[in-house]
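Notes for the one structure printed next.
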Amino acid sequence: SAFSGTVTQFLPAPDGGVLGLLLNGDTEVLVSPEIGHTLSGLIKVGDHISLRGVKAYTLPVIRAFAITSPRGRSVQDSLMAVPQHSPEMIIGPDIVVHGEIAMPLYNLGGQVSGVILKDHTLIHLIPREAARLAAWLKPGQSVYAVGTGNNGVLGTAINAREIGPAADRKEAVAISNV
């Protein structure tokens, strides 16, 4: 299917890559690592883009296979295989983030895998932990999190190791499914 809209923000990965973008402030557009590598050179926040992809039935998530910039340049997957972004472990300094939750962050399987804050920061969690802590992850609530990640030009993203509703009410979370 074809979709279009305005790029609100990029969705950075904790490893410095790009998972996709936010369209019209409310729809996650997830891309392959192949498209993710070229995305920031192709489009920018505020651009009106068109894309081809598959929209989730009940969630505000589109898996994009091709994206076209307002300048007519486009990028598309060379394979139709559904890619998985590997959640590689990042060793680095802790990044502390806090703010108001804007919306959930979903993965390609449609599971909640973190949150997007109003300041555009992404807090990544494994789905099992996101489900366990769902009461803390509702839009409008404040959240504090600590973890390793990336604070790059496209935004901040961390893999949370501790998260909670306040700095003194954080809880340790698992950072992998093993």
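Quick notes on this structure:
- Across the range 34-48, the qualifying residues are those that are free of Cβ contacts under 8 Å to residues at least 40 places away in the same chain and assigned to a loop (DSSP other than H, G, I, E, B), and the one among them that is surrounded by the fewest Cβ atoms within 10 Å (Cβ to Cβ) is Lys44.
Rundown of residues vs (1) open to solvent by 10 Å² or more (accessible area, probe 1.4 Å); (2) hydrophobic (A, V, I, L, M, F, W, C); (3) in contact with a strand residue (DSSP E or B) (Cβ under 6 Å, 6 or more places away or on another chain); (4) part of a strand (DSSP E or B), yes/no style:
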| residue | (1), (2), (3), (4) |
| --- | --- |
| Gly99 | yes, no, yes, yes |
| Pro104 | yes, no, yes, yes |
| Gly109 | yes, no, no, no |
| Glu129 | yes, no, no, no |
| Val143 | no, yes, yes, yes |
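- Selection count where residues are open to solvent by 60 Å² or more (accessible area, probe 1.4 Å) and either at pLDDT 90 or above or under 16 Å from Pro93 (Cα atoms) (or both), scope the range 145-161: 2
- Residue ID - modelled with the lowest pLDDT, chosen from residues in the range 1-33 that are open to solvent by 10 Å² or more (accessible area, probe 1.4 Å) and more than 26 Å from Gly147 (Cβ to Cβ): Ser1
- Residue in the range 49-59 that is closer than 30 Å to Gly140 by Cβ, open to solvent by less than 30 Å² (accessible area, probe 1.4 Å) and at pLDDT 95 or above present: yes
The values are calculated or read from the model by the stated rules, or taken from the named source; none is laboratory data. Since the model is a prediction, treat every value here as computed from it, not as a measurement. Quick reminder, even Gly has a Cβ in these numbers, built from the backbone with ideal geometry, and neighbours come from all protein chains shown. Note: areas computed on protein heavy atoms with side chains; ligands, DNA, RNA excluded. Shrake-Rupley method; radii C 1.70, N 1.55, O 1.52, S 1.80 Å.
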